[in-house]
Amino acid sequence: MSAQSQMRAMLDQLMGTQRDGTQNNSVKFTDDEVCKTFLLGCCPNDILAGTRADIGDCRKVHDLALKADYEMSQKTKDYFYDFDAYEHLKSFIHDTDQKIEISKKRLAEQQAEISAEVQSKANAVHDLNEQIGKLLVKAEELGMQGEIDESKAVLEEVEKVKQLKNEAEEAYRNSMPASTYQQQKLRVCEICSAYLGLHDNDCRLADHFGGKLHAGFIQIREELEKLSKLVESRRKDYETTMMKRRSDRDHEVEERRRKYHPSNRSRDENRRSPVRSRSHRHRSRSRSRDRDREYKRRDRSRSRDRSRRSYGSSRSRR
């Protein structure tokens, strides 16, 4: 992205679609085609972009200017978009958890020949691997923040956990044949569904637990938990507001239908113009009298014609 494009994006994010004094975008943040989860800053498509779990562009509109419009408008009106975001993230995490369960079931079928005792010892090694990975990430974060002593303390704890891991690996190795032990044993990460190896080294563990993929899923799960509590506390207000909005919308539709219905429009026009209505009735009566006069005039004319014909016929006979 060029410097000019970056500047434009920053202005859109700060000032919205009307930063030039006019509406720059025909799409409004209230439109159905706009991603409400993006407006709240937690769309999975953005969070996981560039990772192995990249799910591509969101099917709905993502626009920083619309996000700014929403944030400004939300100060005066509650749109309850946290409910939309909650349902979106809930569905996404549900699909992820299903994927995790399928992967775990597949691994269990592949490793069915391993006894429960051996599997328990393998799980102990996996748990220590996870602990080491998280501690390494923590130590790195403390070092970047300038907390050198705290970072060293965490690294010392890592060494202790490594010792426990070596002992757990020894116990696992002694519980099964050497040929079987050399096979790579896998475990599914409960957070991001990635596979973890039993023999992963410190670098691999740090890359996983400190990587964008794992961190992204942690963020999504934390956002879902936060939204779950928020939605639960606001559900009564949400239902009351939605019922009122539906009622207002139905009333508006009924008013529009009544207003533009031909028969109703005619009655309304008559009500609004009593003088015109009386004039219309007067003209109708006048036309009716004129027609009556015309009919009588025609009848008299026909009678005279019949009389003349009768008189002429009688003279010719004489």
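Quick check on region 32-66: of everything there that is open to solvent by 40 Å² or more (accessible area, probe 1.4 Å) and not in a loop (DSSP other than H, G, I, E, B), which residue is nearest to Phe217 (Cα to Cα)?
Asp46
What residue, among those in region 155-186 that are closer than 19 Å to Leu128 by Cα, hydrophobic (A, V, I, L, M, F, W, C) and open to solvent by 30 Å² or more (accessible area, probe 1.4 Å), is modelled with the lowest pLDDT?
Within region 155-186, the match that is modelled with the lowest pLDDT is Leu186.
Check off (1) open to solvent by 90 Å² or more (accessible area, probe 1.4 Å); (2) over 14 Å from Leu39 (Cα atoms) for Thr96 and give me the number that stays unchecked.
Condition not satisfied by Thr96: (1).
Tally up the residues in region 132-154 that are closer than 16 Å to Asp207 by Cα and either open to solvent by 80 Å² or more (accessible area, probe 1.4 Å) or touching an Asp or Glu at 6+ places or on another chain (Cβ under 7 Å) (or both), please.
So the answer is 7.
Condition first: part of a strand (DSSP E or B) and open to solvent by less than 50 Å² (accessible area, probe 1.4 Å). Now tell me which residues in region 187-237 satisfy that.
Passing the criteria: Val188, Leu196, Gly197.
The values are calculated or read from the model by the stated rules, or taken from the named source; none is laboratory data. Since the structure is predicted, the reported quantities are computational estimates derived from the model, not experimental observations. Here the Cβ is made from the backbone with ideal geometry for all residues, glycine too, and neighbour counts use every protein chain on show. Accessible surface is based on the protein model in full, side chains and every heavy atom, while ligands, DNA and RNA are left aside. Shrake-Rupley method; radii C 1.70, N 1.55, O 1.52, S 1.80 Å.
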